[in-house]
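Trainee: Structure provided below as C-alpha cells; questions to follow.
Each value in this text was obtained by applying a stated rule to the coordinates, not by laboratory testing. This is a predicted model, so every value here is computed, not measured. Reconstructed Cβ throughout: ideal geometry from the backbone, glycine too, with neighbour counts over all protein chains shown.
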Amino acid sequence: MIAPNLVRNVADEGVIGHEKIKDFALQVENAALAVAMREPRPQAGALLEELAALLRDPVSGERVLAHEGGFVLADSGRAVPMTDGIPSLFAPNDASFQGDVTELVKSFYEETPFPNYDGFDSRTSLSNKARRGVFAALLDEQLPEGSLVLEAGCGTGQLSNFLGMSWRRRVIAGDMCLNSLRLAKGFADQHEIRNVAFLQFNLFRPPFQDNSFDLVISNGVLHHTGDCEGGFRSILAKLKPGGHIIIGLYNSQGRLPTLWKRALFRALGPKLYFLDPRLRDWGSQPERVKAWFMDQYRHPHETKHSMDEVLGWFERYGVDFVNGIPHLDGSNFSTNEGLFAKRSAGSKLSRFMTEFNMLASGGADGGLFIMIGRKR
C-alpha cells in the first residue's frame, strides 16, 4: 500500500548531472557496505530485536520482549505470532468503528500486492529507480543521521528498503497485508539490507510506544481507510515532538482524471488503456503493470482530500506546516530544495489554483499530493 509514485519522474537536463554525482556517491557507499559485509553480520530481524523496547501489544498495551529469536508479551508471556520471520502485532478495529473497510482493503492487497518487484530488481536497480526521482532522493539525502523512521502502510516496502540501505538511519516498516510484507522482507533478506525491519500491524492501532519516532511516513495509504483523519491522528501519536510527519493523499481535484479513465476503462475496456502511459508496458512488465492497474482502476475503496483539509488536521492536532509537493503557494518545486525547510502554506486562492493545475495537467502521479508537517 505504499504510495504508487514515491519516485517522481524528472526529465529535464538539469537533473542529469546531479544524478551522476548521486550515482557516484551511491557507488562509494555500496563499496563501503561491501567491505562491511565481509564481517560477521547480525541475523535478519536483529534490528527489531534491538528496538523491541518501543513495541507494545495493540490490545493490552503490554511491553513486547525479544525472546529466543521471536517476541513475547512481558506480562502474559504470550508469544507474538510470526510468519516467515515477520512478527504480527495486527489487531482489528473495534466493533464500534464506523465505516471500517480494513478487511476489504486487506483482502484486496493480499491478492494484489503493490507495487510489485521486477524479477531482476537488485539493491542497485532499486536505488537507481528511487534516485531518478525527486522526493525519495531528497528524503534519502536530507534525513538527519541517526533518525528512527516509521513507515505506516509500507506495502511491498520499496521506500523502506531504499532508505534502509544506508547506515545513517533505522527504519521500521509495517503493513496489514502479509503478502506485501513477504515481498518486502524477502527483498531485504536477499540483498542484506540490515537497517530495516518489517512487521504486520493496523495503522489505527500501531504497536509502538507514543513519541518514539523522528519521522513518520504514510504515503498513499490513509485514503484507503475508513477514517483518513483518524488514521493520521493515530500514527501522529507515535511521532516525537519536533519530529516530522509526511503523508501523501489523493487530491480532490488532481484525482479526477484517473477516476474518469477508470469509468472509460470499465465501459470500453483495454482499447482505451493507451490513455495511461504506464499501461503501455503491459507486455514487457506484466506483473508491475497489473499491480498499477489494479491499484489505480480496480481499488475497492478510496477517498479524496484537499490541501485545506489537511492543513485543518495539522492545526487541530498540533502540527506546523513545513512543506508540500506540489508547493501550496504555487511556486515551482526545486530538485535541490530542503524538504524540511519551512515554506509558505500560501492562500486559499493559491492552494485552489495549485490543485486546479493538478487537474489541468491530467492528474499526474494519480493525483497524489504530499504534505510535510512538524509536531509541536
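Trainee: What FRET efficiency would be calculated for the residue pair Ala46, Ser334, taking the C-beta separation as r and a Förster radius of 41 Å, to the nearest 0.05?
Mentor: Values: r = 38 Å, r/R0 = 0.94.
Efficiency, from the Cβ-Cβ distance: 0.60.
Trainee: ³J(HN,Hα) across region 347-362 via Karplus (A = 6.51, B = -1.76, C = 1.60, θ = phi - 60°), whole Hz, x for Gly/Pro?
Mentor: In residue order, the calculated couplings are 10, 4, 5, 5, 5, 4, 5, 4, 5, 5, 5, 4, 5, 5, 7, x Hz.
Trainee: Could you sort the peptides 265-275, 67-77, 179-189, 228-238 by per-residue average Cβ neighbour count (10 Å cutoff), highest mean leading? Show your work: numbers first, answer last.
Mentor: Values: 265-275: 11.6, 67-77: 14.4, 179-189: 21.9, 228-238: 19.7.
The densest-packed peptide leads the list: 179-189, 228-238, 67-77, 265-275.
Trainee: In the set [x] 1.06; [y] 0.95; [z] 0.99, which value of Rg/Rh (Cα atoms, Kirkwood Rh) was calculated from the structure you see?
Mentor: Read-out from the structure maps to [y].
Trainee: I want to check the label-to-label distance for Lys271 and Glu192. Put each point 7 Å from Cα in the C-beta direction and report it in nm to one decimal.
Mentor: Taking the simple label geometry, Lys271 and Glu192 are separated by 5.4 nm.
Trainee: Using θ = phi - 60° and the Karplus form 6.51 cos²θ - 1.76 cosθ + 1.60, what ³J(HN,Hα) does each residue of region 145-152 get, whole Hz, x for Gly and Pro?
Mentor: With coefficients 6.51, -1.76 and 1.60, one gets 4, x, 5, 9, 10, 10, 10, 9 Hz.
Trainee: Calculate the length of the line joining the C-alpha centroid of region 316-369 to that of region 273-311, in whole Å.
Mentor: 21
Trainee: Which lysines, if any, have their Cα less than 25 Å from the Cα of Lys106, not counting same-chain residues under 8 positions apart?
Mentor: Excluding near neighbours in sequence, the set is Lys185, Lys238, Lys261, Lys290, Lys304.
Trainee: What list of ³J(HN,Hα) couplings, whole Hz, do you get for region 78-88 from phi and the Karplus terms 6.51, -1.76, 1.60, once you set θ to phi - 60° and write x for glycine and proline?
Mentor: With coefficients 6.51, -1.76 and 1.60, one gets 5, 6, 6, x, 10, 10, 6, x, 10, x, 10 Hz.
Trainee: Name the long-range amide H neighbours of Glu151: under 5 Å, sequence gap of 5 or more, or other chain; modelled H, no Pro or chain starts.
Mentor: Ile172, Ala173, Gly174, Ile217
Trainee: Scan around Phe208 for amide H atoms under 5 Å from its own, H built in the peptide plane at 1.01 Å from N, and keep only partners 5 or more places away or cross-chain.
Mentor: Amide H to amide H, under 5 Å and 5 or more residues apart or across chains, Phe208 pairs with Arg56.
Trainee: For a paramagnetic label modelled at 7 Å from the Cα of Arg168 toward its Cβ, which residues of region 335-361 fall within the zone defined by backbone nitrogen distances under 19 Å?
Mentor: Zone members listed by number: 335-342.
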